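The values are calculated or read from the model by the stated rules, or taken from the named source; none is laboratory data. On a predicted model such as this, the values are computed, not experimentally measured, just so you know. Glycine also receives a Cβ, built like all others from the backbone with ideal geometry; neighbour counts cover every protein chain displayed. Heavy atoms of the whole protein, side chains included, go into the accessibility calculation; ligands, DNA and RNA do not. Shrake-Rupley method; radii C 1.70, N 1.55, O 1.52, S 1.80 Å.
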Amino acid sequence: KKFTPKIVSVQNEKVLAELKDSLSGWGGKMPELVCGPEGIAQVAAYGDSDVVVTGIVGCAGLLPTVEAIKAGKDIALANKETLI
């Protein structure tokens, strides 16, 4: 609640439901809430940011990195798997 992100991705539907419960009653602007691998890819391609830092371990970081590139963003890799 300290920060006001425009979009938030969490691991799965269960965690998403917990987050929604946690944020209910909060007076601030609600971010777009997404989940799973698709959610991570949405966050990577979202908005008008210039750079996306990808640091997800293993091949799970590949899809969001590709989506960020497709969206025209520069990427800053913080994992070696995406390079391979």
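So, in the stretch 43-83, of the ones that are among the hydrophobic types (A, V, I, L, M, F, W, C) and under 22 Å from Lys14 (Cβ atoms), which residue ends up surrounded by the most Cβ atoms within 10 Å (Cβ to Cβ)? Per the criteria, the residue is Val43.
Counting only residues that are over 24 Å from Val57 (Cα atoms), part of a loop (DSSP other than H, G, I, E, B) and within 17 Å of the chain's Cα centre (by Cα), the stretch 11-36 holds 2 of them. Cβ-Cβ contacts under 6 Å between residues 6 or more apart (or on different chains), taken from a first residue in the stretch 1-28 that is under 23 Å from Ala44 (Cβ atoms) to a second residue that is among the acidic types (Asp, Glu), are listed as Ile7/Glu32. Restricting the stretch 37-47 to residues that are of a type in the set (Gly, Ala, Ser) and in a helix (DSSP H, G or I), the residue that is farthest from the chain's Cα centre (by Cα) is Ala45. Among the residues of the stretch 1-27, those that are open to solvent by less than 100 Å² (accessible area, probe 1.4 Å) and hydroxyl-bearing (Ser, Thr, Tyr) comprise Ser9, Ser22, Ser24. Return the total of residues in the stretch 28-42 being out of contact with any Pro (no Cβ under 7 Å at 6 or more places or on another chain) and either surrounded by 15 or more Cβ atoms within 10 Å (Cβ to Cβ) or not acidic (Asp, Glu) (or both). Of the residues in that region, 10 qualify. Residues in the stretch 44-84 that are β-branched (Val, Ile, Thr) and in contact with a Gly (Cβ under 6 Å, 6 or more places away or on another chain): 2 in all.
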